[in-house]
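Remarks on the structure that follows.
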Amino acid sequence: MISVNDFRPGLTFQYEGNIYVVIEAQHSKSGRGQAHVKTKVRNLRSNTTINITLTGGDKVEKAIIDKVDMQYLYDDGINIIFMDTQTYDQLEVPSIKLVWKKNFLKEGIIASVTKYEGEVLEIILPDKVDLVITETEVAVKGDTNSGAMKKAVLETGLELQVPLFIKKREVITVSTSDGKYLSRA
């Protein structure tokens, strides 16, 4: 058990059946009243940020979060399969939990998997990945105003805007946070 007076950013704890990580903690004491700890926390299951006010001296259960590097193997249509690079154990994550992240998963990519007591909380991809363009529009000569872009489709099925000079079968670097073109690989 941890006292809420010891809250610091990055600390993980269990409260009312959910698992939270502390983003900010502010201790306050007013007059004769009891001290309070106002915290801004992120729910690790729903990825929502909320504010919680607790009474100073309250205790909460510490949550031990495991972070393991795993390699993406394949998508069987229902689950996405990852393999622990140390133990070779396989982990199945329902595809529905990774709808956005599937746009960046290609065979062999290493992702960090955070787990609490065996429950997968989050899959953390690298900040950027290199992907091959499978389809792109043809650039028209003379269509070169500054910043001109065209539509392209990547090997994972993601559609994005790329500069006119990018061609089919080129490898490009894409941001996993917003799905935007960064550079040629």
In region 1-24, residues that are modelled with pLDDT of 90 or more, part of a strand (DSSP E or B) and over 22 Å from E117 (Cβ atoms) total 2
Those residues of region 91-134 which are over 15 Å from the mean Cα position of the chain (by Cα), surrounded by 13 or more Cβ atoms within 10 Å (Cβ to Cβ), over 20 Å from L44 (Cβ atoms) and not basic (K, R) amount to D130, L131, V132, I133, T134
- Determine if region 60-73 includes at least one residue that is exposed (fewer than 12 other Cβ atoms within 10 Å of the Cβ), in contact with a strand residue (DSSP E or B) (Cβ under 7 Å, 6 or more places away or on another chain) and free of Cβ contacts under 8 Å to residues at least 40 places away in the same chain. no
Condition set touching a Ser or Thr at 6+ places or on another chain (Cβ under 9 Å) and modelled with pLDDT under 90, scope region 127-166, selection farthest from W100 (Cα to Cα): answer is L164
Among residues of region 42-59 being touching a residue at least 24 places away in the same chain (Cβ under 8 Å) and in a strand (DSSP E or B), the residue farthest from V120 (Cα to Cα) is T55
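The values are calculated or read from the model by the stated rules, or taken from the named source; none is laboratory data. Keep in mind that this is a model prediction, so the values were computed, not measured. Neighbour counts are summed over all protein chains in view; Cβ atoms, including those assigned to glycine, are modelled from backbone coordinates with ideal geometry.
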